[in-house]
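The values are calculated or read from the model by the stated rules, or taken from the named source; none is laboratory data. Not measured: the values here are computed from a predicted model. All Cβ positions, even for glycine, are placed from backbone atoms using ideal geometry, and neighbour counts span all protein chains on display.
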Amino acid sequence: MQYTLLITGSPYHSKACHTALRFIRAALNKSPDSIKGVFFYEDAVLIGSQVAQPPRDEINLTQAWQEIAEQHNIPLYLCIAAAVRRGIINEGESRRYELEQHTLAEYFQLEGLGTLVDLMNTTNKIIQFR
Amino acid sequence: MQYTLLITGSPYHSKACHTALRFIRAALNKSPDSIKGVFFYEDAVLIGSQVAQPPRDEINLTQAWQEIAEQHNIPLYLCIAAAVRRGIINEGESRRYELEQHTLAEYFQLEGLGTLVDLMNTTNKIIQFR
Amino acid sequence: MADNVFTIPTGFSVLIMRLHQINQLDYPASLETTWQNSLQAGDQVLLIEDGFLKSIQYAEKMQTLIKEKEITLYYLQSDAAAYGLSPTFGIALTDEEWVELTFAAEANISW
Amino acid sequence: MADNVFTIPTGFSVLIMRLHQINQLDYPASLETTWQNSLQAGDQVLLIEDGFLKSIQYAEKMQTLIKEKEITLYYLQSDAAAYGLSPTFGIALTDEEWVELTFAAEANISW
Amino acid sequence: MKHTLIHLNTSPYSSLACKEGLDLALVLATFEQPVDLCLSGAALALLSDTQQPTAEHGKNLHKLLAGLEFYDIENVYIEKNHSWLDSTTSWQGVTPLDSTEWQTMFSQYQQVFRF
Amino acid sequence: MKHTLIHLNTSPYSSLACKEGLDLALVLATFEQPVDLCLSGAALALLSDTQQPTAEHGKNLHKLLAGLEFYDIENVYIEKNHSWLDSTTSWQGVTPLDSTEWQTMFSQYQQVFRF
């Protein structure tokens, strides 16, 4: 049985991304195939910034999620509309908007809400962290 | 008599940046010298992103603030610690952290909280929007 | 002025009249209590953003607050127009009057 | 099972037992009422993040809720350790048990 | 297929939450997923007919309501007696539920997401 | 010089607000501005002596309390009877105010900022 995580809370204004990290670590530890994908929506897309620099004595949350993605081959999706308006932009979007900079961190990918619907229909349940 | 605006609410999660914009427009219209500076702290620093792309049928809030700064010569300060951890980074900080990208929009500047204390002591009052 | 004003150990003996900026329809319960209890006679309350909706949804409670706490209540004309809703009490301000009121207050607090 | 369950016009006639994830100490008043009223007998409530503090600050109210609504209340051991506070009721979960409970629920709602 | 309830509880003019909730509802409907809406708190302001927000307030989301039926979103619930809106000047497409119905509503969906 | 009250109302482990409020208080004090603190709601958790947060919970801000006096921050107010903390296992440097004192406190500062 596989599950989807939906994260909507800001990494700065809420604990959603932190709590979901604790959850996914425990879940993968218990059964490595239990999570099919993680979808970030609303302010949670801010987690996908390669530019954000947390103080050295604090957890690097973006990096912690990247490690999950790398080690367990779990896709981390950011809602493209929510991300672009919040300044989380990959190279392709950057060119499209004629910008010089891009900010999307490795292992995160921009996708439409249709991807969430797809996860919804191919996994047992969505667990939300807000 | 001059005043300081302190803005702490996220441009995505609150109306602080929108309401303060309405306020500063009315204030400058009434008396062009009334605002000495605007200080963005906490999640409000996200306003200083040059990368964020709001949908075309919505207000471009960063641009609206830039116009205020340009037309009235009002400094827009972002708390540097709050900004760097949230991925709003100028070229200097970008080099310091050995990053390839920078995100700080024109007319915004990164400053320490000491700048807020300075404004506090050289203006009549601080008006907060959160 | 400060003769029978109760003072905490800050050494301040004068209560500073202030403009309370209220921007939420519903604060968490304990904070709602705190801001309402902190009102002093003569204070001003300005409803902005979602706070404007208090004048509609909690009309009775707000009117009681105005009387009991001896405060003056303001809201912004532009918010009333945005929501398409008209409160039956309180003083509507143009954006220019909003600036005047805010600058004129002895102190400001944004809840 | 659904014989005397009241149903709204969605066409659903079965109440789905669920795990309510509560992550705030104080929700805005109306939302606090909504989530508590939405509890059905047999539901589970999991306090996480700030919500953990409900077990300390609102200990009595939470215990009443458990009895009246016939629910089971859980919290995370790691949160209790982080805050250095020990509730006198409710079931403490390891992170692994948290995952089990969450996966096992018929439905989940994050308030 | 999972039946989803999108619960809007924030003002259309206080953050992006209300808009992003509606966006999700419309995408679900587009992908032919059954979805209902319910409105409470400041989100009830969405229903007022006479809104005239400025650009600084935000997008006028009221206009989307008329199109919901086109997306096969047929149920928009509010709690009876909890609405402070004048029914003569607000959107008529809502279904008011009494308290018991409102309270059990949340347990009748496989998925509930609040915005 | 303006006397500032920094009002902490959020948990040290729920967002950056509590930390950023303390940062502002310390900077004000460093610049020799008079500043007091008051704590309510989830911010009272700051006082518990026996905290052991993980990196995911956040920084242990309790440790900062001992240093406040060094910064000449001498007044840390809480509301008497509103604290749910065991006084034997929580920081002793607070000044409990009764309800009237607590309520008038907010009117005794030129500036109040909540975090």
Please indicate, with yes or no, whether at least one residue in the range B:6-14 is farther than 15 Å from residue E:14 by Cβ and in a strand (DSSP E or B).
yes
Near pairs, Cβ below 7 angstrom, 6+ apart or cross-chain, from the range A:16-35 (more than 10 Å from residue A:72 (Cβ to Cβ)) to any residue that is acidic (Asp, Glu) and modelled with pLDDT of 95 or more:
A:19/D:49; A:22/D:95; A:26/D:95; A:26/D:96; A:30/D:96
Just one listed residue, out of B:103, B:115, is farther than 16 Å from residue B:8 by Cα and of a type in the set (Val, Ile, Thr), and it is B:103
Looking at the range E:51-65, which of the residues that are over 20 Å from residue E:27 (Cα atoms) and not hydroxyl-bearing (Ser, Thr, Tyr) is surrounded by the most Cβ atoms within 10 Å (Cβ to Cβ)?
E:57
When residues of the range C:88-100 are limited to those that are within 11 Å of another protein chain (Cβ to nearest Cβ), under 17 Å from the mean Cα position of the chain (by Cα) and of a type outside the set (Val, Ile, Thr), the one nearest to residue E:88 (Cα to Cα)
C:93
Looking at the range D:56-66, can you tell me whether even one residue there is touching a Lys or Arg at 6+ places or on another chain (Cβ under 6 Å), closer than 30 Å to residue E:44 by Cα and within 11 Å of chain F (Cβ to nearest Cβ)?
no
Scanning the range D:32-44 residue by residue, the ones that are of a type in the set (A, V, I, L, M, F, W, C) and over 17 Å from residue D:57 (Cβ atoms) total 2
Looking at residue B:43 and the list (1) surrounded by fewer than 23 Cβ atoms within 10 Å (Cβ to Cβ); (2) out of contact with any Lys or Arg (no Cβ under 6 Å at 6 or more places or on another chain), which single condition is not satisfied?
(1)
Answer residue from the range A:1-23, given it is more than 9 Å from every other protein chain (Cβ to nearest Cβ) and touching a Phe, Trp or Tyr at 6+ places or on another chain (Cβ under 9 Å) and is farthest from residue D:51 (Cα to Cα) among those:
A:4
Scope the range D:44-65; condition acidic (Asp, Glu) and surrounded by fewer than 23 Cβ atoms within 10 Å (Cβ to Cβ); matching residues
D:60
What's the number of the condition residue F:48 fails, among (1) buried (at least 19 other Cβ atoms within 10 Å of the Cβ); (2) out of contact with any strand residue (DSSP E or B) (no Cβ under 7 Å at 6 or more places or on another chain)?
(2)
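Every residue, every condition in (1) of a type in the set (Asp, Glu); (2) modelled with pLDDT of 95 or more; (3) out of contact with any strand residue (DSSP E or B) (no Cβ under 6 Å at 6 or more places or on another chain), yes or no:
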position: D:12; (1), (2), (3): no, no, yes
position: D:16; (1), (2), (3): no, no, no
position: D:24; (1), (2), (3): no, yes, yes
position: D:36; (1), (2), (3): no, yes, yes
position: D:46; (1), (2), (3): no, yes, no
position: D:49; (1), (2), (3): yes, yes, yes
position: D:53; (1), (2), (3): no, yes, yes
position: D:64; (1), (2), (3): no, yes, yes
position: D:68; (1), (2), (3): yes, yes, yes
Listed residues D:93, D:39; which is more than 20 Å from residue E:40 (Cβ to Cβ) and surrounded by 16 or more Cβ atoms within 10 Å (Cβ to Cβ)?
D:93
Just to be sure before I move on: is residue F:11 closer than 27 Å to residue D:78 by Cα, without any contact (Cβ under 8 Å) to a residue 12 or more places away in the chain and surrounded by 20 or more Cβ atoms within 10 Å (Cβ to Cβ) in the structure I sent?
no
So which of A:42, A:67 is over 28 Å from residue B:55 (Cα atoms) and not β-branched (Val, Ile, Thr)?
A:67
